[in-house]
1. Could you look through the stretch 259-278, keep only residues that are of a type in the set (Val, Ile, Thr) and modelled with pLDDT of 95 or more, and pick out the one that is nearest to the chain's Cα centre (by Cα)?
2. So, Pro328, is that one of a type outside the set (Val, Ile, Thr), over 27 Å from Cys364 (Cβ atoms), at pLDDT 95 or above and in a loop (DSSP other than H, G, I, E, B) or not?
3. Among the numbered conditions (1) under 27 Å from Ile67 (Cα atoms); (2) assigned to a strand (DSSP E or B), tell me where Ser148 comes up short.
4. With the checklist (1) surrounded by fewer than 22 Cβ atoms within 10 Å (Cβ to Cβ); (2) under 25 Å from Leu288 (Cα atoms); (3) touching a residue at least 12 places away in the same chain (Cβ under 8 Å) in hand, flag the one item Arg225 doesn't pass.
5. Name every residue in the stretch 201-218 that is at pLDDT below 95 and hydroxyl-bearing (Ser, Thr, Tyr), in order of residue number.
6. When Ala91 is evaluated against the numbered criteria (1) of a type outside the set (Ser, Thr, Tyr); (2) surrounded by fewer than 18 Cβ atoms within 10 Å (Cβ to Cβ); (3) touching a residue at least 40 places away in the same chain (Cβ under 8 Å), which criterion, by number, is the only one it fails?
7. Check Lys127 against each of (1) closer than 21 Å to Phe185 by Cα; (2) in contact (Cβ under 8 Å) with a residue 40 or more places away in the chain; (3) over 18 Å from the mean Cα position of the chain (by Cα) and name the one condition it does not meet.
Amino acid sequence: MTDICITADGELITVIQSDDIFQLLKLPSRTKTDAVQVTELPLYLRNHVLVIDSASSGAGRGASPGIYQQVIQPLFEILAIKHQYVLTQSATHIAEIAASLSHERDTTVLIISGDTSIQEFVNGLGKIATPKKIFIATIPHGTGNALSRSLRPDNGPLLAVKSLLEGSFGAFPIYEVQFPPLSSFVASSEPVSLLKFVVVLSWGFHASLVADSDTPEMRKLGLQRFQVAAQDNLKREQIYHGTVEILAKGNVLTADNGPFSYVVVTPVTRFEPTFEISPQGNVFENSLYLVSFKGVEKNEEILEIMHKVYAAGSHIHDPRVTYQKIMPGDVLKLAVNESGETKRRVCVDGAIVASGKGAIEVTCLGNHVNGWDLRLIG
């Protein structure tokens, strides 16, 4: 059982979570050291506030009320926070919402979902002439919550709501990947050339397990789907032919001809609460880290290195692992030299792309996208 406490207008508001059931209680105010004292709303909660509830995130929404109906809506009523609520209706709905945002005002967006929905929102933002701010808060409800977990390891939905009221935020850097010609989304076969991402670009073992876990049946397993997909992939050879280069001002800093078993590029510290993929990562800093290791003869070596990830990120000290920072102005080039689609799959925040022939290029964009100034709450 988890609980958070908030004091406002002489009342102690306690929210209790047991599994996926939330209960909000109002009591006469009393001293509670861990309660959030709301004397004045943070500036971003006085903007236009939009709550986007992704119906398909995680294992999907059931018929019973979720955290919006049980916690956010009644809490916002108590605190007099005016807002608009949207439950997504299609796979493209989040991008459509982003494209339709008013250019005339700053906006605060609460996204009840996982990492993929945040990526869809950022990619949907249209161009504006006069810069405006977007404050983004993630209320984790997906099976991939790396962004939320990197803000604080125990950041479940209730603590995310608590963070929302504490007033802390920072720049929200975004990253861009340019694909070579003839690249396409695996699910739809739709061509793709340019994508923005916020959590991860990967190729090899990580991309394969994410791709293989993204089926209706596997999604029912929740977070366990990744473990099942990982076990299935470890029954097959995990050797991926390609090259990785990092260039700064045209000069090659790193060049590796592979083959590889694992290539991950990420700004976050962890993919799961204890899976510390990049201990030096910082979601508020405009930088990425390359985490990779070459093709292994025995898949047991993959497990050995993955266990070190769970051991407080100690894999970065393993001589088999490359761990390198990518700064603004640097370019990471990944060339996939595989003919079969299975080994050309690249994961971009959960979206799976079959790369065409040529180099994939990854760069740091910063927190300004199409005229929008992006801020991350937390």
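The values are calculated or read from the model by the stated rules, or taken from the named source; none is laboratory data. Quantities reported herein were computed from a predicted structural model and do not represent experimental measurements. Ideal geometry is used to build each Cβ from the backbone, glycine not excepted, and the neighbour counts take in all protein chains shown.
1. Of all residues in the stretch 259-278, those of a type in the set (Val, Ile, Thr) come to 263-266, 268-269, 274, 277.
Right, trim to modelled with pLDDT of 95 or more and you get 263-266, 268-269, 277.
Values: Val263: 17, Val264: 14, Val265: 13, Thr266: 10, Val268: 8, Thr269: 11, Ile277: 13 Å.
Checked the stretch 259-278; the qualifying residue nearest to the chain's Cα centre (by Cα) is Val268.
2. Working: of a type outside the set (Val, Ile, Thr): yes; over 27 Å from Cys364 (Cβ atoms): no; at pLDDT 95 or above: yes; in a loop (DSSP other than H, G, I, E, B): yes.
Spelling it out, it is not the case that Pro328 is of a type outside the set (Val, Ile, Thr), over 27 Å from Cys364 (Cβ atoms), at pLDDT 95 or above and in a loop (DSSP other than H, G, I, E, B).
3. So Ser148 meets the others, but not (2).
4. (2)
5. Matches in the stretch 201-218: Ser213, Thr215.
6. (3)
7. (1)
Residues checked against (1) closer than 29 Å to Ile305 by Cα; (2) among the hydroxyl-bearing types (Ser, Thr, Tyr):
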| position | (1), (2) |
| --- | --- |
| Lys127 | no, no |
| Ile134 | no, no |
| Gly144 | yes, no |
| Ser148 | yes, yes |
| Val161 | no, no |
| Phe169 | no, no |
| Pro181 | no, no |
| Lys196 | yes, no |
| Thr215 | yes, yes |
